[in-house]
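Inspection log for the structure reproduced underneath, given as structure tokens.
The values are calculated or read from the model by the stated rules, or taken from the named source; none is laboratory data. Predicted, not measured: the structure shown is a model, and the values here were computed from it. So basically every Cβ, Gly included, is an ideal-geometry build from the backbone, and we count neighbours across all protein chains shown.
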């Protein structure tokens, strides 16, 4: 992938740049992620917070408490409603950017899968990928 990575919301009023290679590309099969994405899973990239810079309008924040007790914060475009990135109270140094918000998604390939115990039965994961039945500690 070329750097910086760029992306943003659907209406393009909230934009971002990522100056470093993502640490991880993953899917999350948790039922909440299925609901939020409208699909069988959500896909994201984990990037250092220091490497992420947004421009444009100020995002709206939505806070939720996960089953683990961790506070999750989603940053959403207030105009079009696109969920662009999120953070967790347990790992504030990492931003979890929604993969579909990247301008170029052609080279994304998830290699890690979270919450596989709630994945859809028809989803087949590559044997070489790393899988976790729930959320790993880190």
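Among the residues of region 1-24, write down those that are in a loop (DSSP other than H, G, I, E, B), under 17 Å from residue 55 (Cβ atoms) and under 15 Å from the mean Cα position of the chain (by Cα).
9, the sole residue that qualifies.
I want to confirm something. Restricting to region 80-103 and keeping residues that are out of contact with any strand residue (DSSP E or B) (no Cβ under 8 Å at 6 or more places or on another chain) and farther than 13 Å from residue 46 by Cα, which single residue is surrounded by the fewest Cβ atoms within 10 Å (Cβ to Cβ)?
Going through the qualifying residues, I end up with 81.
Do we have residue 96 as within 13 Å of residue 28 (Cβ to Cβ) and part of a strand (DSSP E or B) here?
Yes.
Restricting attention to region 58-71, report how many residues are modelled with pLDDT of 90 or more and either surrounded by 12 or more Cβ atoms within 10 Å (Cβ to Cβ) or in a strand (DSSP E or B) (or both).
Total satisfying the criteria: 5.
Taking region 7-27, which residues are at pLDDT 95 or above and surrounded by 19 or more Cβ atoms within 10 Å (Cβ to Cβ)? Spell out how you get there, then give the answer.
The initial filter retains those residues of region 7-27 that are at pLDDT 95 or above, namely 7-19, 25-27.
7, 8, 9, 14, 16, 18, 26, 27 - these are the residues of region 7-27 that are at pLDDT 95 or above and surrounded by 19 or more Cβ atoms within 10 Å (Cβ to Cβ).
When only residues in region 41-57 that are over 12 Å from the mean Cα position of the chain (by Cα) and in a strand (DSSP E or B) count, which is farthest from residue 25 (Cα to Cα)?
Checking each candidate, the answer is 56.
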